[in-house]
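So the structure is just underneath, and the comments pick up after that.
The values are calculated or read from the model by the stated rules, or taken from the named source; none is laboratory data. Source: prediction; values computed, not measured. Cβ atoms come from the backbone with ideal geometry, glycine included; neighbour counts cover every protein chain shown.
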Amino acid sequence: MPSKQLAGLIGPTLVALGATEALNIHIFENQIAAVIYLNGTILFVVGLALVRAHNRWSWRWPTLITVTGWVLLAGGLYRMIAPEAPQAPANAGSYVALLAIVAIGVFLSFKGYGPEAAQAGE
């Protein structure tokens, strides 16, 4: 799958995910282990699909898609292995991480829908 198509899917998803998790961070204080495990399974499968479809390593922006896939795969595996581990607390570090997720999402959205993508006809 071309990088611009994946960026168009992943970018808005990361923006929505980061923003809504920041707004609802309090719900992660008391999570059910089975829900964490299910979330980990979903993250693992999505990460694996990204890595299989887009395993590109270069010094260009599409590598960010590959890195996102590996992070999702590793994060999902961690949640599957340790579903009872403490989740992200509502502190400055969590908000910085969520802001980074939104920033990556905005960047990928621009790559997926920006003027360069429109000129390429994708």
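For beta carbons closer than 9 Å, sequence separation of 6+ or different chains, a first residue in the range 3-21 that is over 13 Å from I104 (Cβ atoms) and a second that is modelled with pLDDT under 95 and of a type in the set (D, E), the qualifying pairs are K4/E116; K4/E122; Q5/E122; G8/E122. Scanning the range 90-122 for residues that are surrounded by fewer than 16 Cβ atoms within 10 Å (Cβ to Cβ) and of a type in the set (V, I, T) returns V96, V106.
If you check F44 against the conditions, is it more than 19 Å from P2 (Cβ to Cβ), among the aromatic types (F, W, Y) and surrounded by 15 or more Cβ atoms within 10 Å (Cβ to Cβ)? Here the answer is yes, as F44 does meet what is asked. Scoring P83 on the criteria (1) assigned to a helix (DSSP H, G or I); (2) at pLDDT 90 or above leaves a single failure, condition (1). Output yes when any residue across the range 50-58 is modelled with pLDDT of 95 or more and of a type in the set (F, W, Y), and no when none is. No, because not a single residue in the range 50-58 is modelled with pLDDT of 95 or more and of a type in the set (F, W, Y). For E21, the conditions (1) more than 14 Å from the chain's Cα centre (by Cα); (2) assigned by TED's automatic domain parsing to the domain that holds S109; (3) at pLDDT 90 or above all hold with the exception of (1). Looking across the range 68-89, the residues that are aliphatic (A, V, I, L, M) and surrounded by 14 or more Cβ atoms within 10 Å (Cβ to Cβ) come down to V71, L72, L73, L77, M80, A88. State whether the residues of the range 53-67 include one that is of a type in the set (K, R) and part of a helix (DSSP H, G or I). No: the range 53-67 contains no residue that is of a type in the set (K, R) and part of a helix (DSSP H, G or I). Taking the numbered list (1) buried (at least 16 other Cβ atoms within 10 Å of the Cβ); (2) within 20 Å of Y113 (Cα to Cα) in turn, A19 passes all entries but (1).
Which is touching a helix residue (DSSP H, G or I) at 6+ places or on another chain (Cβ under 7 Å) and assigned by TED's automatic domain parsing to the domain that holds A74, of I36, I10?
Working: I10 fails: assigned by TED's automatic domain parsing to the domain that holds A74.
Just a single option satisfies the conditions, and that option is I36.
Taken together, I65, I25, I36 contain a single residue that is surrounded by 13 or more Cβ atoms within 10 Å (Cβ to Cβ), under 22 Å from E116 (Cα atoms), touching a residue at least 24 places away in the same chain (Cβ under 8 Å) and among the aliphatic types (A, V, I, L, M), which is I65.
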